[in-house]
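J.: Have a look at this one before I ask anything.
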Amino acid sequence: MGGHGGGDTGLMQDFIKLCEGKLEDTKTNPKISLESHIMAFAAEESRVTGKIIDMKEFIKRFE
């Protein structure tokens, strides 16, 4: 069944199809998903450090 009741497997199958050009779009847009994960990591850093995170500076650290 896979993680999250099979949801993880479905997400990965859609992502692979998208990369192969077999899908034009999915329910979980990879760009939006990446942006939400970056925000979550920035929020965690803010929680741990007690500082406000500038998103542009935060993203530059990983380029």
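J.: Return a yes/no flag: does the range 45-63 have any residue that is modelled with pLDDT under 90, exposed (fewer than 11 other Cβ atoms within 10 Å of the Cβ) and not hydrophobic (A, V, I, L, M, F, W, C). Walk me through it before giving the result.
T.: At the first step, the residues of the range 45-63 found to be modelled with pLDDT under 90 are 62-63.
This time we only want the ones that are exposed (fewer than 11 other Cβ atoms within 10 Å of the Cβ), so: 62-63.
So of that shortlist, the ones also not hydrophobic (A, V, I, L, M, F, W, C) come out as 63.
Scanning the range 45-63, I find at least one residue that is modelled with pLDDT under 90, exposed (fewer than 11 other Cβ atoms within 10 Å of the Cβ) and not hydrophobic (A, V, I, L, M, F, W, C), so the answer is yes.
J.: In the range 18-44, what residues are over 12 Å from the mean Cα position of the chain (by Cα), surrounded by 11 or more Cβ atoms within 10 Å (Cβ to Cβ) and modelled with pLDDT of 85 or more? If you could, list the steps in order and put the result at the bottom.
T.: So in the range 18-44, the residues over 12 Å from the mean Cα position of the chain (by Cα) come out as 18-27, 42-44.
With surrounded by 11 or more Cβ atoms within 10 Å (Cβ to Cβ) added as a condition, the list becomes 18, 23, 26, 42-44.
Those that are over 12 Å from the mean Cα position of the chain (by Cα), surrounded by 11 or more Cβ atoms within 10 Å (Cβ to Cβ) and modelled with pLDDT of 85 or more: A42, A43, E44.
J.: Mind checking which pairs have a first residue in the range 50-63 that is part of a loop (DSSP other than H, G, I, E, B) and a second that is of a type in the set (A, V, I, L, M, F, W, C), Cβ under 6 Å, 6 or more apart or different chains?
T.: I53/A42
The values are calculated or read from the model by the stated rules, or taken from the named source; none is laboratory data. Because the structure is a prediction, the values reported are computed rather than measured. Reconstructed Cβ throughout: ideal geometry from the backbone, glycine too, with neighbour counts over all protein chains shown.
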